[in-house]
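As structure tokens, the structure follows; a few thoughts come after it.
The values are calculated or read from the model by the stated rules, or taken from the named source; none is laboratory data. Not measured: the values here are computed from a predicted model. Methodologically, a virtual Cβ is constructed for each residue, glycine included, from the backbone with ideal geometry; neighbour enumeration extends over all protein chains shown. Surface accessibility is based on the protein's heavy atoms, side chains included, excluding ligands, DNA and RNA. Shrake-Rupley method; radii C 1.70, N 1.55, O 1.52, S 1.80 Å.
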Amino acid sequence: MIYLDYAASTPLHPNIRKNLPNYFGEFGNAQSLQMKRLHQIIERSKQHIANYLSATPARIFFTSGATESISTAIVGASEFYRKSGNHIISFESEHPSVLRALDALRKKGFDITILPILSNGHIDYQQLTRSIRPDTILISVNHVCNETGIIHNLTPLIDLKKKHGFMIHLDACQTIGKTSLNLQDLPIDFVSLSAHKTYGPQGIGALYIAEGRHISPIIHGSHPVRSGTLSHALIEMMGDAYLLAAQEIDSNTQHICQVRQKFLEELQETCFKQNNEKKEQLQVPHILNLYFPEASSSTIDLIRQAIYCQISSACHKGGLSHVLKARGFDPARIKRSIRFSFGTMTTELEVVTAAQLITKILTSA
């Protein structure tokens, strides 16, 4: 099968794959003060991640993955700052891990507001402004939508933060290697990060916590943020993935734009419509969400049997895409929509073949 599901997970970068024996060559517990070599590995990886974000390395904390990072930020920050307020805001188009963390807080007595988004997929800042209250302590939003590739404009959110004093949690798991994120320009309080969305390993993620911000830990032990023995091998691989992402972002984006355009050219124009943002500067080219008006449910199933792709987030278990539903699309359109996502290893031959398979399935249905 052809793999067009890079938004779900990426393969290891070739440079990382060939260096696997070296990553696992070191042995020891990084919590031990004697393990200076392991400390150096971890600090270097923090530096690589911080460089991508224009952040301070000491404010990077490693987790088992993006889901833990998101829960640590949302649940941990809300519980730590509960004396300052009990109200949290997010959006219907957020990743399931964000929405489930908010469900958990609702059960603990927090007042949660989940706002709809505009039909074009962007934040309705007028509605958001009306929803902010004196007891609003946190707003959680993704930077790049994992189903449509839309890049949210965060500048108005920062302006509202300065006016009202709430904190911001940013899900930046789809950001790295796709677009820039400068925390010097965007003073965000908490940023959740992934490794396996940017050609690093699965099983490792990170959380950026701004200077002066705190959380109540969700994993208890000897560390005030996240306790547990660190996997120095996975951490080193994540750091190298972020270093490579920064070095190769321009060339990779150019390649992905080319294969995306080739894919669209090979598809019959009459057989699909785009669910993406029309303005290219407001979306990443890596994610393409297409609506096939003449397709049936069985046709969509046949396409997904031939090509690795998604009808929603890979983490969304069953049902219609909640992201497209949040934009007001009718169920018939959502059922006929597919997310394709491209990566650095996607070839023109793959997208041409995929387009031919889709066209054949649609015309023979």
- prompt: In the chain, carbon and sulfur make up what percent of the accessible area (probe 1.4 Å)?
  reply: 51
field: Mean Cα-pair separation over length for the chain, i.e. relative contact order, pairs under 8 Å, 6 or more apart, %
entry: 25
- prompt: Glu248 to Met1: extension gain in nm, 0.36 nm per residue of separation minus the Cα-Cα distance?
  reply: 86.2 nm
- request: Could you pull out every one of the lysines with an alpha carbon less than 17 Å from that of Lys279, ignoring same-chain neighbours closer than 8 positions?
  value: Lys178
- request: Compare the peptides 16-22, 209-215, 271-277 by average per-residue count of other Cβ atoms within 10 angstrom and give them in order, highest first.
  value: 271-277, 209-215, 16-22
- line: Glu79 and Gln356 label points (each 7 Å along its Cα→Cβ direction) are spaced in nm at 5.6
- prompt: Which residue, Thr67, Thr113, Thr353, has the most motion in a Gaussian network model of the chain that connects Cα atoms within less than 10 Å?
  reply: Thr353
field: Residue-count net charge about Val225 - beta-carbon cut-off 14 Å; Lys, Arg +1, Asp, Glu -1
entry: 0
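Checking the a/c ratio against 1.5 first, then a/b against b/c, what shape does the Cα gyration tensor give for segment 223-279? List each step's numbers first, then the result.
Values: a/c = 3.84, a/b = 2.41, b/c = 1.59.
Because a/c hits 1.5 or more and a/b exceeds b/c, segment 223-279 counts as prolate.
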message: How large is the direction-averaged shadow of the alpha-carbon convex hull of segment 163-220, in nm²?
response: 5.3
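I'd like the FRET efficiency for Gln202 and Gln258, computed as 1/(1 + (r/R0)^6) with the beta carbon distance as r and R0 of 35 Å, rounded to 0.05. Don't skip to the end; give the middle numbers.
Values: r = 28 Å, r/R0 = 0.79.
That pair, Gln202 with Gln258, gives E of 0.80.
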- request: At 0.36 nm per residue, minus the direct Cα-Cα distance, what do Lys163 and Lys278 gain on full extension? Give it in nm, one decimal, please.
  value: 38.3 nm
- line: Scoring only Lys, Arg, Asp and Glu (+1, +1, -1, -1) among other residues with Cβ under 12 Å from the Cβ of Ile303 yields +3
message: Which one, Ser222, Gly177, Met237, projects farthest toward the positive side of the charge dipole computed for segment 161-292 from Cβ point charges (K/R +1, D/E -1)?
response: Ser222
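Tell me, what is the FRET efficiency for Arg37 and Asn182 to the nearest 0.05, using R0 = 30 angstrom and their Cβ-Cβ distance as r? Write out the running numbers ahead of the final one.
On the way: r = 32 Å, r/R0 = 1.06.
In this case the efficiency is close to 0.40.
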- request: Would you mind working out the magnitude of the charge dipole of the chain relative to its Cα centre, with +1 at each Lys and Arg C-beta and -1 at each Asp and Glu C-beta, to the nearest 20 Debye?
  value: 720
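Express the C-alpha Rg of the chain as a ratio against the empirical globular expectation 2.2 N^0.38 Å, rounded to two decimals. Walk me through the numbers before you get to the answer.
Values: Rg = 20.8 Å, N = 365, 2.2 N^0.38 = 20.7 Å.
Working it through for the chain, the quotient is 1.01.
Under the 0.36 nm per residue contour assumption, what length would be gained going from the current alpha-carbon distance of Phe27 and Leu320 to full extension?
Working: separation 293, 0.36 × 293 = 105.48 nm, distance 4.59 nm.
Residue separation times 0.36 nm, minus the Cα-Cα distance, leaves 100.9 nm.
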- prompt: Say each of Asp301 and Glu269 gets a label point 7 Å from the Cα, pointing the same way as Cα to Cβ; how far apart are those two points in nm?
  reply: 3.4
